Amino acid sequence: MTQVGKTIAENRRARFDYFIDDVVEAGIMLTGTEVKSLRNGRANIAESYAAVEGNEIVLINADIPPYSGGNRFNHEPRRHRKLLLHRKQIGKLIGAVQREGRTIIPLKLYWNEKGLAKLEIGLAKGKKLHDKRETSAERDWQRDKARLMKGDRMG
């Protein structure tokens, strides 16, 4: 059985490559074999993004490998999957994408309390190279600071 709140896949580069403004939880429209494949803990959302198609938002390029026990009706691994959001949320996201040129980036794919697959998406703005360097330097400093603090306690 699935573990409540268990992360299936995480986009670790998202916060490095983008400034994340607004985070929203969305449901995903999945087929049976996709759910079974996710229950095995296999998925990749690293190169995926969400785009506007008509007045819907779809997840593009998310990789859910075919289910090993599936038959000829197994799913397409990188098919477009509709995201389930409230009408107001969709309107807000579409507006931000069209007016401000934002990108919708998947951050985390996980099981919620009810055992449903949920996708955490963020409204993102791309970082320039100097911003990425700054993020990297900040992360290195935090790591060094933690190491120094740990060293002080031992000495």
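From the list Glu120, Glu113, Glu134, Glu138, which one is at pLDDT 85 or above and either exposed (fewer than 12 other Cβ atoms within 10 Å of the Cβ) or more than 30 Å from Ile90 (Cβ to Cβ) (or both)? Before the answer, list the steps.
Values: Glu120 fails: either exposed (fewer than 12 other Cβ atoms within 10 Å of the Cβ) or more than 30 Å from Ile90 (Cβ to Cβ) (or both); Glu134 fails: at pLDDT 85 or above; Glu138 fails: at pLDDT 85 or above.
Only one candidate qualifies: Glu113.
Taking the range 47-70 as the range and being part of a loop (DSSP other than H, G, I, E, B) and touching a Ser or Thr at 6+ places or on another chain (Cβ under 9 Å) as the test, the residues that pass are Asn61, Ala62, Ile64, Pro65, Pro66, Tyr67, Ser68, Gly69, Gly70.
Residues in the range 142-155 that are within 16 Å of Arg15 (Cβ to Cβ) and of a type outside the set (D, E, K, R): Gln142 alone.
Being within 15 Å of the chain's Cα centre (by Cα), at pLDDT below 90 and either within 17 Å of Asp21 (Cβ to Cβ) or in a helix (DSSP H, G or I) (or both) is the requirement here; does Ile104 meet it? Walk me through it before giving the result.
Values: within 15 Å of the chain's Cα centre (by Cα): yes; at pLDDT below 90: yes; either within 17 Å of Asp21 (Cβ to Cβ) or in a helix (DSSP H, G or I) (or both): yes.
Criteria met by Ile104.
Remark: pairs (first residue in the range 33-45, under 13 Å from Leu116 (Cα atoms); second residue among the aromatic types (Phe, Trp, Tyr); Cβ separation under 8 Å; 6+ apart in sequence or on different chains) = Glu34/Tyr67; Lys36/Tyr67. Inspect the range 88-109 for any residue being in contact (Cβ under 8 Å) with a residue 40 or more places away in the chain, within 22 Å of Glu10 (Cβ to Cβ) and of a type in the set (Lys, Arg) and give the result as yes or no. Yes.
Exactly one of these conditions fails for Phe73: (1) at pLDDT 80 or above; (2) closer than 27 Å to Lys36 by Cα; (3) aromatic (Phe, Trp, Tyr); (4) loosely packed, with under 13 Cβ neighbours inside 10 Å. Give me its number. Only one criterion is unmet by Phe73, namely (1).
Val24 falls short of the stated requirement of being assigned to a helix (DSSP H, G or I) and either aliphatic (A, V, I, L, M) or touching a residue at least 24 places away in the same chain (Cβ under 8 Å) (or both).
The values are calculated or read from the model by the stated rules, or taken from the named source; none is laboratory data. Computed from a prediction, not measured in an experiment: that's the story for all the values here. Note that each Cβ is placed from the backbone with ideal geometry, even for glycine, and that neighbours are counted across all protein chains shown.
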